[in-house]
Amino acid sequence: MPEILPTHTPALFAVAVQRAAEALRRGELVGLPTETVYGLAANALDREAVARIYALKGRPAENPIIVHVASREMARELAAEWPDLADRLASQFWPGPLTLVVRRSTSIPDVVTAGGETVGLRWPVHPLMPAVIQMTGFPLAAPSANLANQLSPTCAAHVASQFGDRLALIVDGGDCNVGIESTVVDVTRGRPVILRPGMIAGAAIEAAAFDRDIDGALSRPPVSPEGIPPVSGVLRSPGMLPRHYAPRGRLVVWSWTHESELHRRLIDAGINPEKVTVIAYRQIPLSGRLPHIQVIPDDAEAYARAIYGQLHACDAEGAEWIVVEEPPGTPDWEGIRDRLRRASTP
Ligand code: TXA
Ligand code: MG
């Protein structure tokens, strides 16, 4: 199993930063915490190290990797153009769970951007990565630290169970405080285009984009992924693939007003209730007729923090079916709804 370094005292934190920096300087991969999900990090300027990320994850070569920075200045240096819109969003949301897609500078290797002309940049608020970046001086390429098409990890144990011996070092920075991946926003088109919803909602992006009055182009609202014209030959943002972020069991998102209704629906569908894990926050089945119940918090932030851990638990128990109670339709839930939609796509 990989070595897992604790960080719960200042001295342990300092040792972990040092050890991670040494490994990354040697071109190795390290599992590192962020506030969203754990990342599988490499020196973003070392193409061989970045190639190891694709190999270890089994990630398709056309899926670009997010580059993590420790300041706005560092982000600017990695961008060929830094639009005013990038500055507005960065000043409002960085450090934090926001990735900005900008035109890349020539210092970014092709392997990071999957040959594309843009790069996704993020300054995380969890202190571990910024401390490592400051120590090494180089930015970190890091996708979520999971095998391709598996669930994203929200604690060090999730990372360890994915990679086993194939990853030498993981830094344990605790449970991720946000719990789902960053909001990805393309800022190269004069208006924000949300490529992947997250816990920073579209309305908040819009508000930050509009608060200063500049040219008319910005007075249009952000557009959803559906509004993006296809770019031939290139996967625009593979996090937008219909099936992604999925557990191994078959996941469905349903609503019910009483558990008898849920029970009947399962029987009608020919599904054995014994084989089902229900993840519920409001209509919690309590009769015992559905033996596997996981209760999840009913506010969006706490729900996001908990959902991947619950889905990992379903995988660990070998749940064949996972019924997730449909979350509310309000904007603060859009990132969560997006992930559940992709996880439920067959
Ligand atoms: O919260 C996060 O974003 C986490 C942590 C580790 O920072 N990272 C993460 O990385 O979720 P990954 O590789 O699992 O997802 C990155 C998403 C993908 O949907 C990818 O297609 C998109 O960002 N992306 C990265 N660079 C892009 C680019 N230049 N243009 C468009 N989409 C890009
Ligand atoms: Mg991922």
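The values are calculated or read from the model by the stated rules, or taken from the named source; none is laboratory data. Keep in mind the model is a prediction, meaning the values are calculated, not measured. Cβ coordinates were reconstructed from backbone atoms using ideal geometry, including for glycine residues, and neighbour counts include every protein chain displayed. Surface areas here come from the heavy atoms of the whole protein model, side chains and all, with no ligands, DNA or RNA. Shrake-Rupley method; radii C 1.70, N 1.55, O 1.52, S 1.80 Å.
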**Request:** Starting from the range 144-162, keep only residues that are within 11 Å of GLY31 (Cα to Cα), then list their pairs with residues that are assigned to a helix (DSSP H, G or I) whose Cβ atoms are within a distance under 6 Å, requiring at least 6 positions of separation or different chains.
**Result:** ALA145/VAL159; ASN146/GLN162; PRO153/VAL159; HIS158/HIS312
**Request:** For the range 19-34, name all the residues that are open to solvent by 10 Å² or more (accessible area, probe 1.4 Å) and assigned to a loop (DSSP other than H, G, I, E, B).
**Result:** ARG26, GLU28, LEU29
**Prompt:** Can you spot a residue in the range 95-103 that is more than 16 Å from the chain's Cα centre (by Cα), of a type in the set (A, V, I, L, M, F, W, C), open to solvent by 20 Å² or more (accessible area, probe 1.4 Å) and not assigned by TED's automatic domain parsing to the domain that holds GLU301?
**Reply:** no
**Residues of the range 104-123 that turn out to be away from ligand 2 (no atom under 16 Å from the Cβ), open to solvent by less than 50 Å² (accessible area, probe 1.4 Å) and part of a loop (DSSP other than H, G, I, E, B), as a count** = 5
**Asked** What about PRO285, is it assigned to a loop (DSSP other than H, G, I, E, B), out of contact with any Leu (no Cβ under 8 Å at 6 or more places or on another chain), modelled with pLDDT of 95 or more and more than 20 Å from SER152 (Cβ to Cβ)?
**Response** no
**Complete:** Conditions (1) within 11 Å of VAL132 (Cα to Cα); (2) of a type in the set (S, T, N, Q); (3) within 16 Å of ligand 1 (Cβ to nearest atom) -> THR34 fails only (1)
**Asked** Is it true that some residue in the range 87-98 is within 11 Å of ligand 1 (Cβ to nearest atom), free of Cβ contacts under 8 Å to residues at least 60 places away in the same chain and not hydrophobic (A, V, I, L, M, F, W, C)?
**Response** no
**Message:** Any residue in the range 300-328 that is in the same structural domain as PRO153 (by TED's automatic domain parsing) and modelled with pLDDT under 95 sitting within a Cβ distance under 7 Å of a residue that is in a helix (DSSP H, G or I) and of a type outside the set (A, V, I, L, M)? List the pairs, counting only those 6 or more apart or interchain.
**Reply:** none
**Request:** State which residue is farthest from the chain's Cα centre (by Cα) when the search covers only the range 269-282 and only residues that are assigned to a loop (DSSP other than H, G, I, E, B) and within 16 Å of LEU340 (Cβ to Cβ).
**Result:** ARG282
**In the range 54-75, residue farthest from ligand 1 (Cβ to nearest atom) [restricted to those that are in a loop (DSSP other than H, G, I, E, B) and within 18 Å of SER91 (Cβ to Cβ)]** = SER71
